[in-house]
Amino acid sequence: MCLNQEGHMYQLDTITFCHLCVSRLIIGGNPFTGYSHQNEDISLEMKKYYTVFRIKETLREAERLGVNTFIARTDNHIIRMLLEYWDEGGTIQWIAQTAVELSTIDRGVKRAIESGAKACVIHGGQMDYLFEKKQIDEISTAISKIRDAGLPAGVAGHNPNVFKWIEGSLNVDFYMCSYYNPTYKEKQTEYLSSDREIFLVEDRDTMVNLIKSLSKPVIHFKILAAGRTNPKEAFTFVARHLRPNDVVCVGVYTKINSHMIEEDAQLLMQSLNNHQENIGKKNKLE
């Protein structure tokens, strides 16, 4: 367990993740940018609700509960908000995710490095697309630039085959694995609110079975199937598959529940504790 800057213990467990002290629960930025993975109306509602003020308010609550890391895209909205937040005393660290709709991967990496990111991950939609096209060179160049800047470099993805491909081709520092593969990216990298998405339990099972074999730490994400899975069931499932050096990323929509971060943190820690107790009981019986 790590200490915060005031020397107090976080309420939420932290681990060493790629040489960073990272809370087991990470806040995801999709809702802040209006990506609901539900429908166009909810996506627009999120954009209207999450002003810079409200995002900063949400991050302050996350920090109060021991969440010390935030994953979000390298778009102007997020970067401007974070610069304000840090100037006002916020300490949450940023793992930057390249923004597919704005520019090239190279430009996204450059914006992450220049804007204070502590690590950088190539967007899952981009990775799914590049896997389909078997374009490894662009990924290799981006990983080198991230590492040359002294940051851990990762790749995200929704297709399990992305990680099999990278394991045998590139030496990255971490992975960001989606439990679901709701849309296939053979023709485009960008997620559109109008896209029809499908969340299959079989996809989740396939991904967690793959994670067992991966050689790098993993950020587990889309564990709630964008609000389609009961939170208690989702976190119980995660607890059974979270490895010692893995963490969980969850987006929150605090308009519908102002206590969502606290409830997620409690569910995660309770699920992890229950899982360890069950392992202990099983070992005693054996």
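The values are calculated or read from the model by the stated rules, or taken from the named source; none is laboratory data. Because the structure is predicted, anything quoted here is derived from the model rather than measured. Note that we place each Cβ from the backbone using ideal geometry, even for glycine, and neighbour counts take in every protein chain shown.
The table below gives the values:
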| item | result |
| --- | --- |
| Top-ranked residue in region 121-166 [being among the charged types (D, E, K, R) and at pLDDT below 95; ranked as surrounded by the most Cβ atoms within 10 Å (Cβ to Cβ)] | Asp128 |
| Filter pass, Ile105 being surrounded by 14 or more Cβ atoms within 10 Å (Cβ to Cβ), out of contact with any Phe, Trp or Tyr (no Cβ under 9 Å at 6 or more places or on another chain) and hydrophobic (A, V, I, L, M, F, W, C) | yes |
| Subset of region 218-262 [charged (D, E, K, R), surrounded by fewer than 23 Cβ atoms within 10 Å (Cβ to Cβ) and under 25 Å from Gly125 (Cα atoms)] | Arg228, Arg243, Asp246 |
| Which listed residue, of Leu192, Leu224, Leu214, Leu210, is modelled with pLDDT under 95, of a type in the set (A, V, I, L, M, F, W, C) and touching a strand residue (DSSP E or B) at 6+ places or on another chain (Cβ under 8 Å) | Leu224 |
| Pairs where the first residue, in region 122-146, is within 17 Å of Ala112 (Cβ to Cβ) and touching a residue at least 60 places away in the same chain (Cβ under 8 Å) and the second is among the hydroxyl-bearing types (Ser, Thr, Tyr) and surrounded by 23 or more Cβ atoms within 10 Å (Cβ to Cβ), C-beta under 6 Å, 6+ apart | His123/Thr98 |
